[in-house]
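Below: one structure, written as structure tokens.
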Amino acid sequence: MSNEGRKNKPVSFNINDEHDLALLNHAEQTNMLTGKPRNFSKYVKRLIEEDMKRGQKSEIRIDRNEPIVIEETYSIETKETMNSFI
């Protein structure tokens, strides 16, 4: 498959950092419906799309010690995805 017309953006996870390792482990989970490994690229794109839908109406400050709670309407898949990071 040719990479012509595609742009790759690598993501780095520090496996010595507990938070990064938890994110990586979650991202690499097997899809429970298909039994196949999760498509990382599609997964990240879906998270970006949900972020875009949320828009810039609210600023989010990330503190690893506090859960992120945003009261909005999301799909069940997105809620499950977001809850797994909390």
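Could you run through the range 12-40 and say how many residues are within 21 Å of residue 80 (Cβ to Cβ) and open to solvent by 100 Å² or more (accessible area, probe 1.4 Å)?
5
Need a quick list: helices (runs of 4 or more DSSP H) entirely within the chain having at least 2 residues that are modelled with pLDDT of 85 or more.
Result: 18-27, 40-54.
Is it fair to say residue 9 is exposed (fewer than 10 other Cβ atoms within 10 Å of the Cβ), more than 16 Å from residue 81 (Cβ to Cβ) and not aliphatic (A, V, I, L, M)?
It is true that residue 9 is exposed (fewer than 10 other Cβ atoms within 10 Å of the Cβ), more than 16 Å from residue 81 (Cβ to Cβ) and not aliphatic (A, V, I, L, M).
What are the residue pairs meeting all of these: first residue in the range 9-36, first residue farther than 18 Å from residue 47 by Cα and without any contact (Cβ under 8 Å) to a residue 40 or more places away in the chain, second residue open to solvent by 60 Å² or more (accessible area, probe 1.4 Å) and assigned to a loop (DSSP other than H, G, I, E, B), Cβ atoms under 6 Å, and 6 or more apart or on different chains?
21/15
The values are calculated or read from the model by the stated rules, or taken from the named source; none is laboratory data. From a predicted model like this one, the values you see are computed outputs, not experimental measurements. Cβ: placed from backbone, ideal geometry, glycine included. Neighbour counts: every protein chain shown. Just so you know, the surface numbers come from the protein's heavy atoms only, side chains and all, with ligands and any DNA or RNA stripped out. Shrake-Rupley method; radii C 1.70, N 1.55, O 1.52, S 1.80 Å.
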